[in-house]
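Values in this text are rule-based calculations from the coordinates and carry no lab data. Quick caveat, the model's predicted, so the values are computed rather than measured. Here the Cβ is made from the backbone with ideal geometry for all residues, glycine too, and neighbour counts use every protein chain on show.
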Amino acid sequence: MVSRRTFTTGLAAGAVTGLLPHAAAAKPAYRGPNVILVRFGGGVRRAETIRPGSSFAPFLLHRLAPRGVLIPNMRIEQLDGVSTSHAEGTINILTGRYLAYADRGSSLFEDRLEPTQPTLFEYLREAFALEPHDALLINGEDRPQEEYLVAGATGHRSLAVRAEMLSLHRFKLHKNRRILAEAKLEDDGLLRAREELDALIARAPPGETLEPAPVVAAFWDRWRADFGDTGLVNPRGDSLLTEIAIRAMRELRPKLMMINYQDTDYVHWGNASHYTRAIAMIDKGLEQIVAAADAEDGYRGNTVFVVVPDCGRDANELMEVPFQHHFGTRAAHEIWALIAGPGIVRNRVLDASADQSAIAATVAAVMGFKAKHAESTALAGILS
Ligand SMILES: [Zn+2]
């Protein structure tokens, strides 16, 4: 069923961007499987994730891998000009291309990279009659630079077919708007809300529409009812992403959802245990999300999991601060992937080497659309 909303939004998209040759009413309904795309960490090595004996991810390796195809030999193949890092790797995954990003003006701690080619979210929403929240990106606790991963200022993109984004940054925008509208606080409380809202808006991509759709606003209202306004009650770090993802499955029911785990990256500050503990936390999150999918009508037996790191990490133990990933070393290019769910071969380890840019075409094949501008073709030998 195409709702009136979808129809209207689609018409606007066609009018504004010329991307859509037909009105959205002509789009078919989506009937394929759900895809949950898990970015496993802000850079992890094979040794601590998929290597038996040294893995800190028992669920991934021993429970989820037998349900699908493990690809231990995936790499970020592109060498020239590639930075092996978080936004870059995420955009490789989402566009199926290397170097398909532009810098929107970095500040000291924020690389504001946005895709210059269509992402999986846009392909999906262009191909099928779907609502914005059917394509969801779940981002980290306080990383507004990740807002740029679905930002649309460079011209190729259609604001009308992008992903909806859920993050604490988005919640704070919503919360402060609600506080101001309710006007229940004393003047200084309202002033603080105004200042926080202005600061949040200032960090958002230029031209960004920050008003959530009504169904997403209702999602955040329920979140606020459960966790309050202080930020002290809700889960933090990557556990927050797991909580948002599971609530999103129950309340928004996305068809394509990507979760950007990242806490492994605290290892930049030099403490190896931060890295291995974060891997264990992401593994726990993955276990909870798979369990939620297995328990939920519409997801049970109808969800393909695609788990892939954004980048690897250095393997040189002699470096002053080990586990970095910015120096283009071989290990920083070495990643892996795990794909499991209906239509995917079970209990297989793929011998062949594979390319991170193949993920987009593979997700497209699973969902039944074409990632037209992706460089690679879908992974062979994984469909049953
Ligand atoms: Zn990093």
Highest-fluctuation residue, ILE36, ILE93, ILE201 considered, GNM on the chain with Cα pairs under 10 Å: ILE201
Of LEU191, LEU99, LEU240, the one that fluctuates the most in a GNM where the chain has Cα springs shorter than 10 Å: LEU191
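With a sphere of radius 11 Å drawn around the Cβ of LEU99, what net charge do the other residues whose Cβ falls strictly inside it have (Lys, Arg +1; Asp, Glu -1)?
Details: positive: ARG97; negative: ASP80, GLU88, GLU375.
It works out to a net charge of -2.
Name the helices (complete DSSP H segments) of the chain with a Cα length along the long axis of 15 Å or more and a Kyte-Doolittle mean of at least -1.0, or state none.
Values: long enough: 4-17 (20 Å, 0.26); 168-182 (20 Å, -0.95); 187-203 (24 Å, -0.37); 214-227 (19 Å, 0.00); 237-251 (22 Å, 0.05); 272-295 (35 Å, 0.30).
Both cut-offs are met by 4-17, 168-182, 187-203, 214-227, 237-251, 272-295.
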Length-normalised contact order for the range 308-384 - Cα pairs under 8 Å, 6+ apart - percent: 25 percent
Proximal aspartates and glutamates to LYS27, defined as alpha-carbon separation beneath 13 angstrom and excluding residues fewer than eight positions away on the same chain: GLU126, GLU131
For the range 217-303, the fraction of alpha-carbon pairs in successive 10 Å shells from zero, as %: 16, 40, 33, 11, 0
Rounded if a/c under 1.5, otherwise prolate or oblate - the range 327-383, Cα gyration tensor axes: oblate
Volume in Å³ per residue [convex hull over Cα atoms, computed for the chain]: 141 Å³
Whole-number percent relative contact order across the range 268-352, with pairs defined as alpha carbons under 8 Å at least 6 apart: 29 percent
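Over all pairs of distinct alpha carbons, what does the Kirkwood formula give as the hydrodynamic radius of the range 257-384, in Å?
Numbers: mean 1/r = 0.0602 Å⁻¹.
Kirkwood radius, the range 257-384: 16.6 Å.
Could you tell me the relative contact order of the chain? Use alpha-carbon pairs under 8 Å, at least six residues apart, and round to a whole percent.
Details: 770 pairs, mean separation 123.5, N = 384.
Relative contact order of the chain: 32 percent.
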Candidates PRO235, PRO144, PRO72, ranked by Gaussian network fluctuation over the chain, Cα under 10 Å, top entry: PRO235
